[in-house]
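A short write-up of the structure that comes next.
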Amino acid sequence: MKNKIKALKGNDDLYDKRSSNDMFKEIDVLLIQDGGCAPGYNPVTAFITYHLENMGREVYATLEGFKSLVDKKDRFVRLVYDTALFRNIDNMPGVFHAAPLSEWRGAQLRSERYKDFIKKDVQKKAASVIKKKKVKAIIAIGGNGTFKGLHELCEFLPTSIQVFFIPVTIDSDVAGTDCIGQHTGVEEGAEKIRRYMADARTHKRVYIIEMMGANSGFHALHSCLGSRAHLAVLPNSVIDHIKVVNAINKKDECVIVVAEGYRKRERDEEGFKGNAAEYFYNELLSTKIKINKRVICEPFSRDIRGAAPNNLDISLAQRMAYNVASYLKAGTSRLMPAVQSGREYAIPFNEITTANMKEEGGLMMLSDRLTHG
């Protein structure tokens, strides 16, 4: 395969003889991006393409995550990193230059939450398309929902197809590893809170801010810690609301960070239409103790998703992309690359957990300067 790529670089006419349909009849390595956008999707896509291409493999990707696997029309692209190779085949529809992605924000290959993928018949249909196209390896990129979809898809795939997962999620909702996007997310989130802190001091206000954290609360917790906000309220936090109101009334200003997943089940059961910050504020009001400050609730802002990935996340993307390429070359499968405290290792699919809870230990004490400080 490697010699094939070298030959293509020197033969401008070879790919012209193939139709675009022929190119997508059989797929070597398929990348699937799903879930919400996070800083690092594009760089890790570029790095995977680079490493696999150097191994002589051909890299493809779905245009709209899992959804592309069940569309009536083919929704795939061929990714090419090498500039010379790209110039040879860029006249063909569906060829995409991956190298520039290393510098781009967002998720160019449209990160899409495809809710219907929880259905077994949809998963079976996707597996049928994968087998029809003789896919040799799959690399899924995303957060806990993406992993769940991939893991369930594996039930309908032969073990001969190598499958890997790379965690890209601001909220670090995959346990046992740092996740691409979490470092940028915390930096951006903490800076956002610092601005509210400055305004709260200026006007002697209380801000209750909804931040990311559907399940684990990682983003809300560490954004709170870094910015020195007064309190972090995480998805499963047990709060003494009377104590909180009394503490607020003793301060000139206050900023409280509420994870978007706070009491999500209760909110759904009650039919509450507001955000997590508003729900928490309503709980404070239910104490019937008058709050002697102006309280402003701010909903979660999605601008963090489009932030430029910082160096830590780009470095993490490099390491994970290289390791996945190495696992693939070694003939292994059903693995996720993990990096934690500088150590690199792999976690088998059956050992991956997405309940990456952060509500124990000293961090929770540090994140409460309101009632403890």
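The values are calculated or read from the model by the stated rules, or taken from the named source; none is laboratory data. On a predicted model such as this, the values are computed, not experimentally measured, just so you know. Glycine also receives a Cβ, built like all others from the backbone with ideal geometry; neighbour counts cover every protein chain displayed.
Residues that are assigned to a helix (DSSP H, G or I) and more than 21 Å from VAL174 (Cα to Cα) are absent from region 304-322.
If you check PHE156, PHE164 for being without any contact (Cβ under 8 Å) to a residue 40 or more places away in the chain and of a type in the set (Phe, Trp, Tyr), only one passes: PHE156.
Please note which helices (runs of 4 or more DSSP H) are completely contained in region 198-272 and include at least 2 residues that are under 22 Å from GLY36 (Cα atoms) and either of a type in the set (D, E, K, R) or in contact with a Leu (Cβ under 9 Å, 6 or more places away or on another chain) (or both). Before you say what the answer is, go through the steps one by one.
Values: elements: 218-227, 241-249, 264-270.
In region 198-272, the matching helices (runs of 4 or more DSSP H) lie at 218-227, 264-270.
Taking the listed residues LYS293, LYS264, LYS273, the one that is farther than 30 Å from SER160 by Cα, touching a helix residue (DSSP H, G or I) at 6+ places or on another chain (Cβ under 7 Å) and of a type in the set (Lys, Arg) is LYS293, with no other qualifying. Determine if region 217-231 includes at least one residue that is in contact with a His (Cβ under 7 Å, 6 or more places away or on another chain) and either modelled with pLDDT under 95 or crowded, with 24+ Cβ neighbours inside 10 Å (or both). So far as region 217-231 goes, no, none of its residues is in contact with a His (Cβ under 7 Å, 6 or more places away or on another chain) and either modelled with pLDDT under 95 or crowded, with 24+ Cβ neighbours inside 10 Å (or both).
Okay, residues lined up against (1) assigned by TED's automatic domain parsing to the domain that holds ILE170; (2) among the polar types (S, T, N, Q):
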| position | (1), (2) |
| --- | --- |
| THR287 | no, yes |
| ILE296 | no, no |
| PRO299 | no, no |
| SER315 | yes, yes |
| GLN318 | yes, yes |
| LYS329 | yes, no |
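Within region 255-285, if we keep just the residues that are buried (at least 19 other Cβ atoms within 10 Å of the Cβ) and not aliphatic (A, V, I, L, M), the residue that is farthest from ARG369 (Cα to Cα) turns out to be ASN275. Condition check: surrounded by 23 or more Cβ atoms within 10 Å (Cβ to Cβ) and either among the polar types (S, T, N, Q) or not in a helix (DSSP H, G or I) (or both). Does LEU52 satisfy that? Spelling it out, it is not the case that LEU52 is surrounded by 23 or more Cβ atoms within 10 Å (Cβ to Cβ) and either among the polar types (S, T, N, Q) or not in a helix (DSSP H, G or I) (or both).
Could you tell me how many of the residues in region 55-86 are outside any loop (DSSP other than H, G, I, E, B), in contact with a strand residue (DSSP E or B) (Cβ under 8 Å, 6 or more places away or on another chain) and crowded, with 17+ Cβ neighbours inside 10 Å? Number satisfying all stated conditions: 15.
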